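The values are calculated or read from the model by the stated rules, or taken from the named source; none is laboratory data. Computed from a predicted model, the values in this text were never measured in an experiment. Reconstructed Cβ throughout: ideal geometry from the backbone, glycine too, with neighbour counts over all protein chains shown. When the accessible area is computed, the model is the full protein with side chains, heavy atoms only, and any ligands, DNA or RNA have been set aside. Shrake-Rupley method; radii C 1.70, N 1.55, O 1.52, S 1.80 Å.
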Amino acid sequence: MTFRNRVAWLAFGITLLWVAWLSLKHVESGELFLFQLPFDPMKPFDGEVADAVKTARRWTVPALAFLAVASLAILFSVRLGPIDAIDALRLRCRQLADERTGLCLLLFLACIVDFVSTASYFRKFGIADEYHPGIKLITYAWGRFLGCLIAKTIQGLLVLVICALFPRIARATLLLAITAYTAAAIWNFWVQ
């Protein structure tokens with residue numbers, strides 16, 4: 001890897017950590033929903049501020065450690081620069097979609113239904129019941145709709161990246177993710 005590529009990945013990792021740290025600090029200080037959309041409830045529900053602060057205090061160090069380790073792994077293992085790596089990953093995802101078209105479409109639908117059900121639940125009842133700390137913290141930081149959209153998009157993209165990079169486990173991983181996202185959506189709609 002060239003020096004220039006390492007610097008680009010290092011800058012990406014540092015920026016990611018900085019944005020995550022700032023977002024978590026806002027949540028930890030009780031400042032929620034940086035990007036509230038007009039159709040989002042305007043105020044936090046009862047208990048959400050306390051839950052957000054508690055969750056941020058509990059998960060800030062593990063979240064930043066995970067992002068730091070992931071950034072270092074990319075820095076030392078990916079030989080291409082960020083733009084070339086994204087292009088190569090896009091090609092692998094296209095190959096995955098060509099080989100597993102039906103499963104990729106089902107994953108896409110399951111992700112959309114999971115997002116819609118989760119965002120609807122958050123809008124009606126709040127975020128405090130969410131089990132996944134990443135989804136919870138991103139939503140507390142960035143807004144009920146936008147934060148949930150960002151978190152669920154990251155979640156779905158990570159499944160695709162894993163499947164694209166490890167095609168031998170793609171079928172099982174896609175089936176597992178489809179099942180999990182569908183079950184989560186059914187649960188969210190059922191409890192509403």
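Worth a mention:
- Looking only at region 160-185, and only at residues there that are polar (S, T, N, Q) and farther than 14 Å from LEU105 by Cβ, the one that is least open to solvent (accessible area, probe 1.4 Å): THR173
- Filter pass, THR55 being touching a residue at least 40 places away in the same chain (Cβ under 8 Å) and either open to solvent by 90 Å² or more (accessible area, probe 1.4 Å) or under 18 Å from PRO133 (Cα atoms) (or both): yes
- Sole residue being more than 30 Å from ILE169 (Cα to Cα) and over 18 Å from the mean Cα position of the chain (by Cα), chosen from GLU28, GLU99: GLU28
- Residue that is surrounded by the fewest Cβ atoms within 10 Å (Cβ to Cβ) [pool: residues in region 1-25 that are of a type in the set (Lys, Arg) and within 12 Å of GLY81 (Cβ to Cβ)]: ARG4
- Selected residue (criterion: nearest to ALA52 (Cα to Cα)) from residues of region 120-145 that are of a type in the set (Lys, Arg) and touching a Lys or Arg at 6+ places or on another chain (Cβ under 9 Å): ARG144
Here's the yes/no breakdown for (1) of a type in the set (Val, Ile, Thr); (2) under 25 Å from LEU174 (Cα atoms):
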| site | (1), (2) |
| --- | --- |
| ARG57 | no, no |
| PRO62 | no, no |
| PHE66 | no, yes |
| ILE83 | yes, no |
| ARG92 | no, yes |
| LEU103 | no, yes |
| LEU107 | no, yes |
| PHE115 | no, yes |
| ALA119 | no, yes |
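- Cβ-Cβ under 8 Å pairs, at least 6 apart or on other chains, region 14-36 side over 13 Å from LEU137 (Cα atoms), far side part of a loop (DSSP other than H, G, I, E, B) and open to solvent by 60 Å² or more (accessible area, probe 1.4 Å): GLN36/MET42
- Single residue of region 72-86 satisfying the filter (surrounded by 12 or more Cβ atoms within 10 Å (Cβ to Cβ) and in a helix (DSSP H, G or I)) that is farthest from the chain's Cα centre (by Cα): ASP84
- Region 15-33, residues that are farther than 13 Å from ARG57 by Cβ and not in a helix (DSSP H, G or I): GLU31, LEU32, PHE33
- Subset of region 87-105 (residues that are open to solvent by less than 60 Å² (accessible area, probe 1.4 Å) and not in a helix (DSSP H, G or I)): none
- Residue identified as farther than 29 Å from ALA8 by Cα and either open to solvent by 50 Å² or more (accessible area, probe 1.4 Å) or of a type in the set (S, T, N, Q) (or both) among TYR140, TYR131: TYR131
- The condition (being among the β-branched types (Val, Ile, Thr), surrounded by fewer than 19 Cβ atoms within 10 Å (Cβ to Cβ) and within 24 Å of ASP46 (Cα to Cα)) is satisfied by just one residue among VAL116, VAL69: VAL116.
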